[in-house]
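Read the structure below first, then the notes.
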Amino acid sequence: MKCPGCTSDMATNMVHSIEIDRCPSCGGIVLDKGENELIDSLGLAHVIEGGVTAAHEHRTTTARCYECERDMHALKGAGDVEYDWCDGCERLFFDRGELTAFDAFVDG
């Protein structure tokens, strides 16, 4: 799978039986439908992002789902944290730092 943010090849890792797609180049994370809720319930966002606490640089390009070959929709969640969503496969894409920031507002 290609990274929706920078088009590099994603690496797959297992974290507590959840398959996480992470970009080794930009640090972006792709979550399949339902994985975000599981990560939230297990409190794993900081583990998945490796303890990232710094704010991320905002991407100026539109994220692209290379599984569906469509542009993703930029959304704002809790705390105005931006992330991207594919309306085809319902994957979520978090730029580096967004998943941890989103989790902090959801749990806070």
Check: What single numbered condition from (1) modelled with pLDDT of 90 or more; (2) outside any loop (DSSP other than H, G, I, E, B); (3) at positive phi fails to hold for GLY79?
Finding: (1)
Check: Has the range 27-34 got any residue that is at pLDDT 90 or above and more than 13 Å from the chain's Cα centre (by Cα)?
Finding: no
Check: Quick check, is GLY28 touching a residue at least 24 places away in the same chain (Cβ under 8 Å), within 18 Å of THR100 (Cβ to Cβ) and exposed (fewer than 14 other Cβ atoms within 10 Å of the Cβ)?
Finding: no
Margin query: Residue under question is GLU90, and the condition is that it be exposed (fewer than 13 other Cβ atoms within 10 Å of the Cβ), under 18 Å from MET10 (Cβ atoms) and modelled with pLDDT of 85 or more; does it hold?
Written below: no
Check: Does any residue in the range 3-24 that is under 21 Å from GLU37 (Cα atoms) come within less than 6 Å, Cβ to Cβ, of a residue that is of a type in the set (Val, Ile, Thr) and surrounded by fewer than 21 Cβ atoms within 10 Å (Cβ to Cβ) six or more places away or on a different chain, and which pairs are these?
Finding: GLU19/THR12; ASP21/THR12
Item checked: Failed condition for GLU67, given (1) in contact with an Asp or Glu (Cβ under 6 Å, 6 or more places away or on another chain); (2) at pLDDT 90 or above; (3) surrounded by fewer than 19 Cβ atoms within 10 Å (Cβ to Cβ) -> (1)
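The values are calculated or read from the model by the stated rules, or taken from the named source; none is laboratory data. All figures in this text were calculated on a predicted structure; none of them were measured in a lab. Cβ: placed from backbone, ideal geometry, glycine included. Neighbour counts: every protein chain shown.
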